[in-house]
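Values in this text are rule-based calculations from the coordinates and carry no lab data. As the structure is a computational prediction, the values presented were derived from the model and not from experiment. Here the Cβ positions follow ideal geometry from the backbone for every residue, glycine too, while neighbour counts run over all protein chains shown.
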Amino acid sequence: MSDLIKLNASELVDLLAKREVSSVEVTQAHLDQIAKVGDAVHSFLHISGESALATAREVDAKRAAGEKLPDLAGVPIAVKDNLTTTDAPTTAGSKILEGWIPPYDATVVTKLRNQLLPILGKTNLDEFAMGSSTEFSAYGPSKNPWDLERIPGGSGGGSSSVVASFQSPLAIGSDTGGSIRFPGAVTGTVGIKPTYGAVSRYGLIALASSLDQIGPVARNVLDAAYLQDAIAGHDPHDSTSLPGSLGSMVEAAKRGSLKGKRVGLIKQLSGDGFQQGVRNRFAEALTLITDAGAEIVEVDCPSFEYAIDAYYLILPAEASSNLAKFDSVRFGMRVAPEGTPTIERVMAATREAGFGPEVKRRIILGTYALSSGSFDKFYGAAQKVRTLIQRDFDAAFAKADVLVSPTAPTTAFKFGEKVSDPLAMYLNDIATIPANLAGIPGISVPIGLADEDNLPVGIQFLAPAHEDARLYEVGAALEGILEGIWGKRMMDFAPELKVN
Amino acid sequence: MSEITPELVRHLAGLSRIDLDDAEVARFTEQLGVIVDSVAKISQAIDGNTPATSHPIPLANVFRPDVVEPSLTQEQALSGAPDSGQGRFRVAAILDEE
């Protein structure tokens, strides 16, 4: 039954629990789809078909024996390749880690294994998650299933494209400045960055430790809620992981309501300078939100003007430090220059050969931002802007339950359009970066297609720290209204993939 | 005018242990110059009284009980190393011959 791949994860949860389908059938259907479209979309860096089927057989045997299993047991998933896995290579999209098999599993991977989700494979990303398009992956870009000549967003373009092309109903992403939400917006899928610390980062190859957060990638809000509930929680291995529970996201999504909510329209992110089709869909969504009983209030966040600048100082600074561990000693590539070089020369030759252009650019920029003489002017100033952005959010959330903006200024752009202009590439994240700087949660939900190019547009909701449930509640409500109007789901608009 | 010069890029690359070639130095000098000029406006946003934020959701005093827990074996820890021997990471000479 090839239709199995078109089902939402939450539908699979029900069918599996009732034993109307087996996990082996579901997993095999997705592996068949991977075989069919995998080369064209290039979402995966590694496919783990055998171990996925082994997990599926285990689920089916346990269900047959009457065991009560976790909700998502038997529902296949794909994992971004910057999370460590002991049974599959982990590259973070970089040549410097090619072929590395980590000696431990990321906590999120352990949770997926414990809850018996068949892991289909590891998904592509910009090298060390630095990018908005997957064009900086050392293993070639992933394609947008809506138009194979366009980017699937980044850094998590493997995870977004895998879900948008029905190769998996669910995927794991990581979001440092928008790497879950931007790919979600441009592929017509749902992506959530939970509150900082809601999901353990243990085993996530760190980009910027004070910004990184793992989160769910799915085709609808309820599916994402199931996944966040499955991966969230305190982890003694991550000292920044939150001590308490944030509650049930599934309940929030099922509740799905906008009634009485105060929705803050961010003056600085209300669409000025954004693509016209993005603005049109966003304006319509605001009308629907009002019609559903919410009140739109304007909020002013003047410091957001400096958010990208602060981000592109803090992120490179943290990254330059985090990536120092790739030194040719403990793991990964080693390149030895001729003669009898010292270890320093081996390190420099290895890092020259192993890192791609964006990684080198950001390491050097970060080293500059942290060097004496420019520290106060750059890194120190950026940390102060971070305070101002948090204050802007505090003031905004005094007036509103959630904030709203388009997720991205444009729809998916074509390969090569921005790859040689770093500043243009950085602007894709203008609406998503403030949430990472403040540690608050954000969701991107598809709201239709832009008039000029028929490509997906996303809306972003933001909530105060620890209030992730609000995102699922309003996101599911808006999604339900839109699906009612369309008479189908967002992904049902997607053109049939052309594969040879 | 940007303060990013080819000499500075070479110096930073040396600190970062990346052996850039001449073409990369030229390209990064230009690109980093544009980026640094753009982010420099950040100093307009703040005054001396703004406190710095290093972490979005600060948690203080995160401890665990002081008991030994399982960790990687020596073999596991060495499993990804490009070169090892006698239970250690093997590397090139730390010091120059001179």
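Listed values, structure above:
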read-out	value
Footprinting exposure proxy for A:6, A:261, A:68 (fewest neighbouring C-beta atoms within 10 Å first)	A:68, A:6, A:261
Chain B, Rg to Rh (Cα coordinates; Rh as Kirkwood inverse mean 1/r)	1.15
Nearest-20 debye value, the protein assembly as shown charge dipole, Cβ charges on Lys, Arg, Asp, Glu	900 debye
The range A:287-426 - charge dipole about Cα centre, Lys and Arg +1 at Cβ, Asp and Glu -1, debye rounded to 20	800 debye
Cα-based convex hull volume of the range A:1-106 per residue, rounded to whole Å³	112 Å³
Leading residue at positive end of dipole, the protein assembly as shown (Cβ point charges), from A:266, A:287, A:248	A:248
Estimated distance in nm for a label pair at residue A:298 and residue B:62, the labels positioned 7 Å out from Cα along Cα-to-Cβ	4.0 nm
Around residue A:313: net Lys/Arg minus Asp/Glu count, Cβ-Cβ under 12 Å	+2
Residue order, fewest to most beta carbons within 10 Å, for A:53, A:204	A:53, A:204
Positive-end residue, the protein assembly as shown charge dipole about Cα centroid, Cβ charges, pick of B:28, A:440, A:236	A:236
Leading residue at positive end of dipole, chain A (Cβ point charges), from A:165, A:463, A:86	A:86
Neighbour-count ranking [beta-carbon atoms within 10 angstrom, fewest first] of A:250, A:221, A:162	A:250, A:221, A:162
Cα gyration tensor, the range A:378-494 - rounded (a/c under 1.5), prolate or oblate	oblate
Semi-axis lengths (Å, descending) of the ellipsoid that matches the C-alpha gyration tensor of the range A:193-256	22, 13, 8
Cα-based shape type of the range A:186-313, given that a ≥ b ≥ c are square roots of the gyration tensor eigenvalues and the cut on a/c is 1.5	oblate
Alpha-carbon Debye profile of chain A, log10 I(q)/I(0) at 0.06, 0.07, 0.12, 0.14 Å⁻¹	-0.24, -0.33, -1.02, -1.41
Helical contribution to [θ] at 222 nm, DSSP H n ≥ 4, -39,500 (n - 2.57), averaged over chain B, rounded to 500	-10000 deg cm²/dmol
Whole-Hz ³J(HN,Hα) from phi, Karplus 6.51 cos²θ - 1.76 cosθ + 1.60, for the range A:257-268, glycine and proline x	8, 10, 4, x, 6, 9, 10, x, 8, 6, 3, 6
Net charge over other residues, Cβ less than 11 angstrom from the Cβ of residue A:453 (K, R count +1; D, E count -1)	-1
Calculated [θ] (222 nm, deg cm²/dmol) that DSSP helices of n ≥ 4 give over chain A, each run adding -39,500 (n - 2.57)	-12000 deg cm²/dmol
The range A:325-435: C-alpha gyration tensor shape, a/c 1.5 cut-off, then a/b vs b/c	prolate
³J(HN,Hα), Karplus 6.51/-1.76/1.60, whole Hz, each residue of the range B:29-35, x for Gly, Pro	4, 5, 5, 5, x, 5, 5
Local net charge near residue A:387, Cβ-Cβ under 12 Å (Lys/Arg +1, Asp/Glu -1)	0
Tilt relative to chain B, helix B:6-15 - C-alpha long axis, 0 to 90 degrees, to 10	20 degrees
